[in-house]
Amino acid sequence: MLGPGLISIAGHATPIKELLWLLSLFAGIIICKIVYQLTGAISPFFFTGYVKLDWQKKLEWNNRGFSTFHAFLVAAVSLYLLLESDLFRDGAQDELMINRTSAFSDSILGISTGYFLADLAMIFYYFPALGGTEYVLHHGLSMFAIVQSLLSGQAQMYIFMVLFTESTTPFVNLRWYLDVAGQKNSQLYVCNGVALFLGWLVARILLFLFFFYHMFSHFDQIKEVYLLGFYSLLTVPPVLALLNIVWFWKIAKGLIKTLRKARHRQ
């Protein structure tokens with residue numbers, strides 16, 4: 001006999017949706033591969049020192065290329081679905097907000113799953129060159145939550161709120177690129193550090209506070225989520241929020257150090 005969670009998933013899944021999910025997932029993996037190769041191909045035209053980097057630095061350089069692409073994609077789509085679209089707007093549809101989905105939102109979640117799968121595979125294969133256990137935890141929890149939401153058709157609004165936090169990734173990657181390029185003393189490095197601090201504060205600290213407030217104020221709908229999804233909503237976001245606070249503390253210390261050095265150079 002199927003449990004409540006499997007019944008919920010089985011009731012939402014159809015052959016057409018399953019095909020869309022698989023195609024989107026493979027599309028995400030293929031896009032990562034294409035952007036990875038393109039990053040390696042065009043980087044020498046923008047940074048001549050790229051060809052002199054060792055294989056490990058080139059590996060991370062190209063990896064950060066497709067993580068930046070994914071960040072721009074999911075942040076833009078999340079912003080559209082959460083603010084412009086009527087998909088999750090209160091009162092816009094008869095369907096409960098917690099149960100709303102669309103072919104477009106499903107496709108983006110599938111592509112994002114493909115990205116996290118591809119990136120996690122690279123992290124494991126080259127461990128710890130591309131990140132330590134905190135990255136494995138972040139990617140694993142993110143993928144776990146996305147897949148649950150995709151298969152059950154529930155809580156997609158909250159998934160896109162969390163995916164919007166990826167908007168800080170381009171600033172993280174630019175900081176790494178400037179460091180490798182020997183530009184830690186540049187004005188751009190300082191400005192990017194300030195932008196990263198402010199962006200992280202808004203997208204990964206304040207947004208999570210709103211996330212928890214929204215969950216609390218819509219808890220009658222949260223209780224409609226199938227059992228595993230319900231407990232995941234109560235446990236996964238706090239863990240991600242804790243990771244964000246730890247990283248924010250490191251970013252703040254790094255910014256203070258950078259600003260002090262910039263002041264001494266004046």
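The values are calculated or read from the model by the stated rules, or taken from the named source; none is laboratory data. Quick caveat: nothing in here was measured; it's all calculated off a predicted structure. In this analysis, Cβ positions are derived from the backbone assuming ideal geometry, glycine residues included, and neighbour counts consider all displayed protein chains. With ligands, DNA and RNA removed, areas are computed over all heavy atoms of the protein, side chains included. Shrake-Rupley method; radii C 1.70, N 1.55, O 1.52, S 1.80 Å.
Residue by residue through the range 214-231, which ³J(HN,Hα) values in whole Hz follow from phi under the Karplus form 6.51 cos²θ - 1.76 cosθ + 1.60 (θ = phi - 60°), with glycine and proline marked x?
5, 4, 5, 6, 10, 5, 5, 7, 4, 5, 7, 5, 4, 3, 5, x, 4, 6
Of Gly114, Pro44, Ser24, which is farthest towards the positive pole of the range 21-122's charge dipole, taken about the Cα centre with +1 and -1 on the beta-carbons of Lys, Arg and Asp, Glu respectively?
Pro44
Could you compute Rg(Cα) / (2.2 N^0.38 Å) for the chain, with N its residue count? Don't skip to the end; give the middle numbers.
Numbers: Rg = 19.8 Å, N = 266, 2.2 N^0.38 = 18.4 Å.
Here the Cα radius of gyration is 1.08 times the empirical estimate.
Where the accessible area of the range 63-117 is counted over protein heavy atoms with a 1.4 Å probe, how much of it, in %, is carbon and sulfur?
Values: 1360 of 2310 Å².
The C+S portion of the solvent-accessible surface of the range 63-117 is 59 percent.
For the range 220-266 and the range 149-201, write down the distance between their C-alpha centroids in whole Å.
Measuring centre to centre over Cα atoms gives 12 Å.
Taking R0 as 41 Å, what's the FRET efficiency between Phe216 and Phe72 from their Cβ-Cβ distance, rounded to 0.05?
On the way: r = 31 Å, r/R0 = 0.75.
E(calc), rounded to 0.05, equals 0.85.
Sort 183-196, 54-67 for me by packing, meaning the mean count of neighbouring Cβ atoms within 10 Å per residue, highest on top. Walk me through the intermediate numbers first.
Working: 183-196: 15.4, 54-67: 17.7.
Packing proxy ranking, top to bottom: 54-67, 183-196.
Grab the other residues whose beta carbon is less than 14 angstrom from that of Asn63, score K and R as +1, D and E as -1, and report the net.
Values: positive: Lys33, Lys57, Lys58, Arg64; negative: Glu60, Asp119.
Net of charged neighbours comes to +2.
Find out how many positive minus negative residues lie around Asp119, taking Lys and Arg as positive, Asp and Glu as negative, among other residues whose Cβ is under 13 Å from that of Asp119. Write down the numbers at each step before the final one.
Numbers: positive: Lys33, Arg64; negative: Glu60, Glu166.
With Lys, Arg at +1 and Asp, Glu at -1, the neighbours total 0.
Which whole-Hz ³J(HN,Hα) couplings does the range 17-24 yield from phi under the Karplus relation 6.51 cos²θ - 1.76 cosθ + 1.60, θ = phi - 60°, glycine and proline marked x?
Here the 3J(HN,Hα) series is 5, 4, 5, 4, 4, 5, 4, 5 Hz.
Which value, in Å², gives the accessible area per residue of the range 103-143 when a 1.4 Å probe is used on the protein heavy atoms? Please report the intermediate quantities before stating the final value.
Values: 1620 Å² over 41 residues.
For the range 103-143, the solvent-accessible area averages 40 Å² per residue.
Find the relative contact order for the range 1-116 and round it to a whole percent, using C-alpha pairs within less than 8 Å whose residues are 6+ positions apart.
Working: 73 pairs, mean separation 50.3, N = 116.
Relative contact order for the range 1-116 comes out at 43 percent.
Percent of Cα-Cα pairs per 10 Å bin, from 0 to the last occupied bin, for the range 63-151, please list those.
15, 42, 28, 12, 2
Hey, any idea what % of the range 227-266's accessible area is carbon plus sulfur with a 1.4 Å probe?
Working: 1910 of 2750 Å².
About 69 percent, which is the carbon plus sulfur part of the accessible surface.
Compute the acute angle (0 to 90°) between the alpha-carbon long axis of helix 103-125 and the principal axis of greatest extent of the alpha-carbon atoms of the chain; round to the nearest 10°.
50
Determine, for the range 126-266, the count of lysine pairs separated by eight or more sequence positions (or lying on different chains) whose alpha-carbon distance falls under 19 Å. Intermediate values should be presented prior to the final figure.
Working: Lys184/Lys250; Lys184/Lys253; Lys184/Lys257; Lys184/Lys261; Lys250/Lys261; Lys253/Lys261.
Summing the qualifying lysine pairs gives 6.
Quick one: angle between helix 55-79 and the longest Cα principal axis of the chain, in degrees between 0 and 90, rounded to 10, please.
On a 0 to 90 degree scale, this one is about 40.
Which angle between 0 and 90 degrees, to the nearest 10, do you get for helix 187-200 versus the longest principal axis of the chain when only C-alpha atoms count?
Between helix and principal axis, roughly 20 degrees.
Do you know the relative contact order of the chain, to the nearest whole percent, from alpha carbon pairs under 8 angstrom that are 6+ apart? Walk me through the intermediate numbers first.
Values: 249 pairs, mean separation 64.3, N = 266.
Worked out over the chain, it gives 24 percent.
Viscosity 1.306 mPa s, temperature 10 °C: give me the Stokes-Einstein translational D for the range 44-88 in µm²/s, with Rh taken as the Kirkwood radius over C-alpha pairs. Intermediate results must be reported in sequence, preceding the final value.
On the way: Rh = 12.8 Å.
The diffusion coefficient I find is 124 µm²/s.
Assign unit charges at the C-beta atoms only (+1 for Lys and Arg, -1 for Asp and Glu), then state the dipole size of the range 1-159 relative to its Cα centre in Debye, rounded to the nearest 20. Working shown, then result.
Working: 8 positive and 11 negative charges, 119 e Å.
My answer is approximately 580 debye.
Local charge sum around Gly110 (other residues, Cβ-Cβ under 13 Å, Lys/Arg +1, Asp/Glu -1)?
On the way: positive: Lys17; negative: Glu18, Asp106.
Summing Lys/Arg as +1 and Asp/Glu as -1 gives -1.
Might you report the magnitude of the Cβ-based charge dipole of the range 171-266 about its Cα centre, with Lys and Arg at +1 and Asp and Glu at -1, to the nearest 20 debye?
Working: 11 positive and 3 negative charges, 172 e Å.
It comes to approximately 820 debye.
With 20 Å as the cut-off, how large is the P(r) tail for the range 116-254, expressed as percent of Cα-Cα pairs?
Numbers: 5091 of 9591 pairs.
Of the Cα pairs, 53 percent sit more than 20 Å apart.
If you place +1 on the Cβ of every Lys and Arg, -1 on the Cβ of every Asp and Glu, and leave all else neutral, what size is the dipole of the chain about its Cα centre, to the nearest 20 Debye? Walk me through the intermediate numbers first.
On the way: 19 positive and 15 negative charges, 332 e Å.
Dipole of the chain, to the nearest 20 debye: 1600 debye.
What ranking, highest mean first, results for peptides 132-138, 223-229 when packing means the other Cβ atoms within 10 Å averaged over each residue? Write down the numbers at each step before the final one.
Values: 132-138: 13.6, 223-229: 17.3.
Highest to lowest by the protection proxy: 223-229, 132-138.
Test of understanding: what is the full-extension gain from Phe45 to Val239, defined as 0.36 nm times their sequence separation minus their Cα-Cα distance? Don't skip to the answer; put the middle values down first.
Working: separation 194, 0.36 × 194 = 69.84 nm, distance 4.05 nm.
The span from Phe45 to Val239 would gain 65.8 nm if fully extended.
Could you state the accessible area per residue of the range 167-266 in Å², with a 1.4 Å probe and every protein chain left in place? Display every interim value, and only then the final one.
On the way: 5810 Å² over 100 residues.
About 58 Å² of surface per residue is accessible.
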